[in-house]
Structure formats: structure tokens, C-alpha cells
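Enquirer: First, the structure itself, so that you have it in front of you.
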Amino acid sequence: MSRTGTAETNYLNAQHGLKSWLLTLDHKRIGLLYLMGVSFFFLLGGIFALLIRLELLTPQGDLVQPDTYNRLFSMHGIMMVFFFLIPAIPGVLGNFLIPIMIGTRDVAFPRLNLASWYIFMAGGSITLLGVLAGGVDTGWTFYPPYSSLYSATNVLTVGIGVFVNGFSSILTGLNFMVTIHRMRAPGMTWFRLPLFVWGHYATSFINVLGTPVIAITLLLLVLERAFHLGIFDATKGGDPVLFQHLFWFYSHPAVYIMILPSMAVISELIAAFTRKRVFGYHFVAFSSIGIAVLGFLVWGHHMFVSGQSVYAGTAFSLLTMLVAIPSAIKVFNWSFTLYQGSVSFDTPMLYALGFIGLFMIGGLTGVFLGTLGFDIHVHDTYFVVAHFHYVMVGGTIMGYLGGLHYWWPKITGRIYPEFWGRMSAMLVFVGFNLTFFPQFLLGYMGMPRRYHAYPEEWQVLNVLSTAGASVLGLGFLLPLGYLLWSLKYGKLAGKNPWGAKGLEWTTDSPPPTENFRDAPVVSEEAYDYAGAGHGDGGAPAPARAH
Amino acid sequence: MSHGHSSALAHHFDSLEQQREASTLGMWLFLVQEVMFFGGLFMTYMLYRWRDPEAFAAGSHDLNITLGLLNTVVLIASSLTMAMAVHSAQTSRRRPLIGYLTATGVLGLAFLVVKYFEYSAKWEHHLVPGPLFHFSEPAIGGRAEVFFSLYFAMTGMHALHMVIGIALLAWILRGAVRGRFDASYYNPVENFGLYWHFVDIVWIFLFPMLYLIGRHYHGGA
């Protein structure tokens, strides 16, 4: 397209001043706005987690009162789920990369994109207001009748905050879907799309179909608490269990809203650091769609002990097992990609391999929990806590940090220090397992979740878990330090520091405002490392950045 | 053509055609999420009606069928004027476009006025859920409260969509007055029309479900 500006003009220095950021319509800048937002909420959720783990260091309730503890785990869950895990990868990496990967200038609706960020921040601010006023003690699940009739905490404020935030997910999903359908560069067919794009397409599908259901559910809860509607109130002919059905109809697929973008990142990383096309490209692409569709059919496995009929329980149990199929397809295909690849162990690849490990443990224990009888044994114990942290947190954060490191040179134009990057990947992996593996054992022995005190014989495992959390915290703080450091002191990246394939590596680092100086035309498959194509990244294994 | 058209093309699209396709797809996806949003309410209605048809029948008898019918006619008429507005935009007729959009807005407001009178009658008769709720039939009593909870939640969400629709309509009307729309660029009018028709269709379901079908339930007799 137009060759306005010199080679040095990029999206970061094209305009200056706070206003140029707060009113930007550039998807790359909006991605960075999300980076700041989600980092803030991650830090906040992390502080709550730290306080939880400190309390659980000793069997007695000595650091906080039970009431305070209830608020801590509720706010930890709400902040982490709704304001970090769900928006992190689509908001930051999805926004930054999808238009570049498909070879266009921006998302389909740039204004809506900026509005989504503001809605996200508004929802977060309202929730924060509720936190400052004392928080909520309902757990992140807001079950009535406790939340609607009895809890004396700020359910209204926080409920409205989460409700508002939902529209950010819906509109971002809508924007991505239209962008992927209508904005692809000439030659960019559906099966030439990077798997990153497929993963985000599947995520957007869930966001558009699932998030409105949690929106109306939370709205009804808010109306019930504020104006005494009786929809979830058994004394008025309503049914509190219906809330659980509606809540999990969204909130189970929400787990796939968190993990699918991470899987999308992992496919890119595995290809780049094995220098091979992802094995079984079509299967990996369709398994994302498969997970998205199956995700809508399994919500009842959260309700095995809610008075659901045994037939419904059996059906949900069997449907839950089916999710293992597309998940396993992904893991096996990534593993086959490693086979005979020229594997290198740079920081993003360490995160990707860590992801496979954590996801396998999280996924397999998910099959345990999908089994009716076993689930009833460990229901509401730390086994469940450990399982969903392995999947949602381990899965999402490994992909998020791996992706952030991989595309950091593209986003900022600078290379992060590789040694410290590898250190952080190791610390996160070790810290994560040390934190959560003991919780499987605790849960199997019967330690219930959401209690601030426990019998003394469980202290050793709890101390291990708290120690792991400290290592994990350090692993998260390290990147904060060296990534900021690299903004000024990092080595210049150049267009393609990894020698990777993909349109994003054919443009400058950082990219110009409209992404490409010449509109790209695509003539090869994704991950064409065999050299059949003739793109910019086609030269055999250029020197690594370090 | 005239420079009005080229300024309608946003910088990140290659052609007006691509822009039109993108915004239409976006609107349909938005309606999909609207279906899911109202879907939660409709599912709740079905479940509770199946559980306690008597209470639903009794509650249904206390709704004002005349006002409900009037509002149904008003909304169907507004859908007609909206369709005519889209047609006027597609055929570049500016004055009819302004006229039909105005008529649509007036009908929308009329709907809300009627709804206001219906709501205030419910308030006077203690049929609004809450501490003051009182249902005259002793055999049903508090069981009717869930019906009226659903009545207010469903019609309230619908009315909120009407209010948002009228606000959007004012914005479209401003564009029409300024001559922004003609045969080569009418996408905003068309997409707004989709939204307006969707909100109408929701009412077309609400009216029979809340006002009509309960009247023919005779307790299995």
C-alpha cells in the first residue's frame, strides 16, 4: 500500500502523548492497553492468592478471620477468572497478532475494539470499587440463595462489574470472527491460516454464544438482590439450582475460552522451535472447533451433587469424557511435531513444553473428575482446586508467557535477556507443580476447599504448596523486571529474530501503523519450513538472536 | 462518485463491498448473542411454566390483554415503517427515508408509553415482586410471584432494548437528515433495521407466552 513515512516510523512512535494512546484505534496499541489492564488485575489477584497461601501455612486460622478468608478466595477467583485468564491472551496477543497474521491493516471494527477495552476497564473498575468497599464472600460462582438473600457483602457492585465486563468478551469475539471471515489477505485461505487464528476463532465462537447467558444470569441475580425478583428464590416458586445450570452453561465453556487461545499460542511456538509444519494441521485446527462445540454440552458435570437426576449425571459424565478426544489430538500432534524436528530450547519453547506437561496432568485429572463416582468422593476438595488450576492457570499462563516472550521482539522491537527468560520459565514450571501437586494429595485425603483452617496432619503438604507459590510468584515477577528492562536496553530484534514463518515476521519490528509497507499476498501454507514456498522467512535457519 | 461515498469507506477496508459485508456479518453475530441473551430468559420461562402451570395461568389472567394487543399492533406497524425506511434508503429517496424513520421512532415511543401504563397498573395492584407483592387468589398466593418476576424481567429487558433502539434511531435519523445514506451506502440503516426487527420478534414471542396461552389453561379439568 502507500509508502508513507520512513522505515523508522512504527506504530509506537507514529503518534505521541497520552491522548494518542487512550483514543487509539490501532489494534496493536489496543493490545498494549490490554497488556497493562490484565497485568494490573493479575497482580491484584496474585496478592489475594498470596494471602490465602500465607493463611494456609499453619493449621490454625491465625492470619485472617474466617469472614476475611471467604472474601480473599472469592476476590482471588473473580479477579483472576474474569479480568485476567479470560481476556489475557485474546486481548493482548489476539488483538496484536490476528490482523497481522491474516495480512490486513486492522480488525474489522476498530472503534468497537477500543470500546471493548473501555468496557473491560469499566467492568474492572466497578469490581475494584466493590473490592475496596469490602469485597464479596460468595466465591466466584455467586450461588444463590446465599448471594441473593443472605450475604452481607458487595454482591451487587461486583456482580454488575462482572456483567459489564462480559460485553467486552462478546464484542471482542464478534470483532475477531468478522475480521477472520472478511479481512484475510489475497491468497490467505482458511487452511493457510496459522493455528493461532483457528484457536481464536473457536474462542470467539464460545464468547459470542456463551457470554450472553452469563450476562442475563448475573443480571437476574442483581435484580433479585436489588428488587426482590423471585427467579432463583424457592420461597417464591423459583429455583436456585437453575442458577447453577445457567451459570455453568457459560462458565464451563469459559474454561475453554481460557485454554483455547493458549493452545493457539502453543501451536505457533512448537512449529517455530522445531522448524517443522505442525503435524496434522487440519486435525489441530478442527480440534479447536471440536472443543468449543463439546464445551457447551458438559456443564452438568459441575452439578453431580446438586440434586441432578442420575441419568443426567451419566449423560454429562459421558459427554465430559468426549472432550478428552480433541484435547488428546492436540497433545499427540504437538508431540509428533517434535519428532525429528530441529528442536531448540529458547524461553518460549520451554514455556510450550511446560504447557504440555501441565495440561496433561490437568486434562487427565479432568477425566477422573468427569467420572461420577470418583467426583462424588473428591467433590469440593482440593483435588478439584488442583485440577482446575492445572488446566486454567497452568494452561493459560504458560501459553500467555510463552507467547509474550515469542512475540515480544515483534511488539517492542527489542530482545529480552534469554538467560533470565529461561530462569523464569523454569521457576514458573517448578513453582507451579510444587504449589498444586500437593493439593491433589490433600484433596484425595479429603481436605475441603474454601476453609481457612485444617487438621494438623495436612500441614506438611500445605507448607510445600505455600513454598511453591512463593517460587511461582518469583517466576512471575522476574519477567516483569527484565521485560521492562529490555524496552530500553534489549538488543534490537530486526524483522525475524527467530527465523520463523508467518506474516508477522515479514514486517518490521515494531510494525508500522498499518502493519505492512506493501500489502501481502499469500502463496504458501502456514509453517512452510520445508522451504517449498518463497516467503521472507524461508531462508534455512537464520542465525538466532542470541 | 461524489466524495460523500469515498468518505464512507473506512481506511482499513479495501472496498465498500468488503465494508458492507463485514458490518452485516457483525450485525448478524450481534443478533446471535442477543438470541442467547434472551434465550436464558425463555428457557427459565419454559421450565417454570412446566413446573407450575396453574400459577402461570392465574398470573396471565391479571395481565391487560387489550394493552398487550395494542402494543403488538404498534410494534408490527413499526416494523413495516422500518422496512419501508430501508427500502427508501436503498432507492436513494431521502424525504421518505426521514418520514419512515420518524414514524418508526414515534411508534416505538408509543409502545413505551403503553408499557408505562401497564407497569403502573401492576404497581397499584401489588403485582410487582417484592415485599409488597400480594396475589388475590388465595389458592395460588406467593406462587404467582415467579410469574410476575419473569414478566418484569422479560418485558423489562425487551423495553430496555426498545429504549436503546430509539436512541440508535435518533442517530440514524440525524445521518438521514444530513443526506449520508443513498443507494450506494445504506448499510447503517439496513443493520439498524435488523436490530429493530429482532426486538419486534422478541415481543411477538412474549405476547402469546405471557398474555395469551395461560388463559386457556383450566387446571387439567
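Enquirer: If I filter the stretch B:57-69 for residues that are surrounded by 15 or more Cβ atoms within 10 Å (Cβ to Cβ), of a type in the set (Asp, Glu) and within 14 Å of chain A (Cβ to nearest Cβ), do I get at least one hit?
Expert: Scanning the stretch B:57-69 turns up no residue that is surrounded by 15 or more Cβ atoms within 10 Å (Cβ to Cβ), of a type in the set (Asp, Glu) and within 14 Å of chain A (Cβ to nearest Cβ).
Enquirer: Can you go through A:276, A:236 and tell me which one is of a type in the set (D, E, K, R), surrounded by fewer than 24 Cβ atoms within 10 Å (Cβ to Cβ) and in contact with a Ser or Thr (Cβ under 6 Å, 6 or more places away or on another chain)? Lay out the reasoning, then the answer.
Expert: Values: A:236 fails: in contact with a Ser or Thr (Cβ under 6 Å, 6 or more places away or on another chain).
That would be A:276, the only listed residue that is of a type in the set (D, E, K, R), surrounded by fewer than 24 Cβ atoms within 10 Å (Cβ to Cβ) and in contact with a Ser or Thr (Cβ under 6 Å, 6 or more places away or on another chain).
Enquirer: I'm told residue A:309 meets every condition in (1) away from chain B (no Cβ under 14 Å); (2) in contact with a helix residue (DSSP H, G or I) (Cβ under 7 Å, 6 or more places away or on another chain); (3) hydroxyl-bearing (Ser, Thr, Tyr) except one. Can you identify the failing condition by its number?
Expert: Answer for residue A:309: the failing condition is (2).
Enquirer: Still on this structure, please answer the following. Please state which of the following conditions residue A:503 fails to meet, knowing it meets all the rest: (1) under 23 Å from residue A:418 (Cβ atoms); (2) in contact (Cβ under 8 Å) with a residue 60 or more places away in the chain.
Expert: Condition (1) is where residue A:503 drops out.
Enquirer: Between a first residue in the stretch A:330-348 that is in a helix (DSSP H, G or I) and a second residue that is among the hydroxyl-bearing types (Ser, Thr, Tyr) and crowded, with 23+ Cβ neighbours inside 10 Å, which pairs have beta carbons less than 6 Å apart while being 6 or more apart in sequence or on different chains?
Expert: Taking only residues 6 or more apart or on different chains, the pairs are A:330/A:287; A:337/A:274; A:338/A:274; A:348/A:406.
Enquirer: Which numbered condition trips up residue B:129, out of (1) assigned to a helix (DSSP H, G or I); (2) within 14 Å of chain A (Cβ to nearest Cβ); (3) crowded, with 16+ Cβ neighbours inside 10 Å?
Expert: (1)
Enquirer: Out of the stretch B:19-29, which residues are surrounded by fewer than 21 Cβ atoms within 10 Å (Cβ to Cβ) and either facing chain A (nearest Cβ under 7 Å) or without any contact (Cβ under 8 Å) to a residue 24 or more places away in the chain (or both)?
Expert: Matches in the stretch B:19-29: B:21, B:25.
Enquirer: So residue B:54 passes all but one of these: (1) more than 10 Å from every other protein chain (Cβ to nearest Cβ); (2) within 30 Å of residue B:117 (Cβ to Cβ); (3) within 26 Å of the chain's Cα centre (by Cα); (4) not hydroxyl-bearing (Ser, Thr, Tyr). Which condition number does it fail?
Expert: (3)
Enquirer: Do we find that residue B:10 is within 14 Å of chain A (Cβ to nearest Cβ) and among the aliphatic types (A, V, I, L, M) in this structure?
Expert: yes
Enquirer: Here is a list of conditions, (1) of a type in the set (Ser, Thr, Tyr); (2) farther than 30 Å from residue A:111 by Cα; (3) in a helix (DSSP H, G or I), and residue A:34 meets all of them except one; can you say which number that is?
Expert: (2)
Enquirer: What do you reckon, is residue A:239 closer than 28 Å to residue A:318 by Cβ, at pLDDT below 95 and not β-branched (Val, Ile, Thr)?
Expert: In short, yes.
Enquirer: Testing residue B:95 on (1) basic (Lys, Arg); (2) away from chain A (no Cβ under 14 Å); (3) buried (at least 16 other Cβ atoms within 10 Å of the Cβ), one condition comes back false. Which one is that?
Expert: In the conditions (1) basic (Lys, Arg); (2) away from chain A (no Cβ under 14 Å); (3) buried (at least 16 other Cβ atoms within 10 Å of the Cβ), residue B:95 misses (3) alone.
Enquirer: Being more than 7 Å from chain B (Cβ to nearest Cβ) and buried (at least 23 other Cβ atoms within 10 Å of the Cβ) is the filter; apply it to the stretch A:212-233 and report the residue that is nearest to the chain's Cα centre (by Cα). Spell out the reasoning first.
Expert: Pass one, the stretch A:212-233, residues more than 7 Å from chain B (Cβ to nearest Cβ): A:214, A:218-219, A:221-222, A:224-226, A:232-233.
Adding the requirement that they be buried (at least 23 other Cβ atoms within 10 Å of the Cβ) leaves A:214, A:218, A:221, A:224, A:232.
Values: A:214: 18, A:218: 22, A:221: 26, A:224: 31, A:232: 31 Å.
Ranking the qualifying residues of the stretch A:212-233, first place goes to A:214.
Enquirer: Something else: Which numbered condition in (1) in a helix (DSSP H, G or I); (2) more than 19 Å from residue A:405 (Cα to Cα) is the only one that residue A:473 fails?
Expert: Of everything listed in (1) in a helix (DSSP H, G or I); (2) more than 19 Å from residue A:405 (Cα to Cα), residue A:473 misses just condition (2).
Enquirer: Residue by residue through the stretch A:300-314, note down the ones that are of a type in the set (A, V, I, L, M, F, W, C) and out of contact with any Leu (no Cβ under 9 Å at 6 or more places or on another chain).
Expert: Applying the first criterion (of a type in the set (A, V, I, L, M, F, W, C)) to the stretch A:300-314 yields A:303-305, A:310, A:312.
Correct list: A:303, A:305, A:312.
Enquirer: Out of curiosity, is residue B:89 among the hydrophobic types (A, V, I, L, M, F, W, C), away from every other protein chain (no Cβ under 11 Å) and touching a residue at least 40 places away in the same chain (Cβ under 8 Å)?
Expert: Numbers: among the hydrophobic types (A, V, I, L, M, F, W, C): yes; away from every other protein chain (no Cβ under 11 Å): yes; touching a residue at least 40 places away in the same chain (Cβ under 8 Å): yes.
Yes.
Enquirer: Which one of the conditions (1) loosely packed, with under 15 Cβ neighbours inside 10 Å; (2) touching a Lys or Arg at 6+ places or on another chain (Cβ under 8 Å) does residue A:310 fail to meet, given that it meets all the rest?
Expert: The number of the failed condition is (2).
Enquirer: Being of a type in the set (Ser, Thr, Tyr), within 30 Å of residue A:242 (Cα to Cα) and either within 14 Å of another protein chain (Cβ to nearest Cβ) or crowded, with 18+ Cβ neighbours inside 10 Å (or both) is the requirement here; does residue B:119 meet it? I'd like the intermediate steps shown before the answer.
Expert: Numbers: of a type in the set (Ser, Thr, Tyr): yes; within 30 Å of residue A:242 (Cα to Cα): yes; either within 14 Å of another protein chain (Cβ to nearest Cβ) or crowded, with 18+ Cβ neighbours inside 10 Å (or both): yes.
Criteria met by residue B:119.
Enquirer: Which residue out of A:191, A:163 is more than 10 Å from chain B (Cβ to nearest Cβ), in contact with a Phe, Trp or Tyr (Cβ under 8 Å, 6 or more places away or on another chain) and either modelled with pLDDT of 95 or more or buried (at least 24 other Cβ atoms within 10 Å of the Cβ) (or both)?
Expert: Checking each option against the conditions leaves just A:191.
Enquirer: Let me ask another. Can you pull out the residues in the stretch B:145-172 that are more than 16 Å from residue B:209 (Cβ to Cβ) and either within 8 Å of another protein chain (Cβ to nearest Cβ) or of a type in the set (Phe, Trp, Tyr) (or both)?
Expert: Of everything in the stretch B:145-172, those that are more than 16 Å from residue B:209 (Cβ to Cβ) and either within 8 Å of another protein chain (Cβ to nearest Cβ) or of a type in the set (Phe, Trp, Tyr) (or both) turn out to be B:145, B:171.
The values are calculated or read from the model by the stated rules, or taken from the named source; none is laboratory data. The shown structure was predicted, so the numbers you read here are calculated from the model rather than taken from an experiment. As a convention, Cβ positions derive from the backbone with ideal geometry for all residues, glycine included, and neighbour counts pool all protein chains shown.
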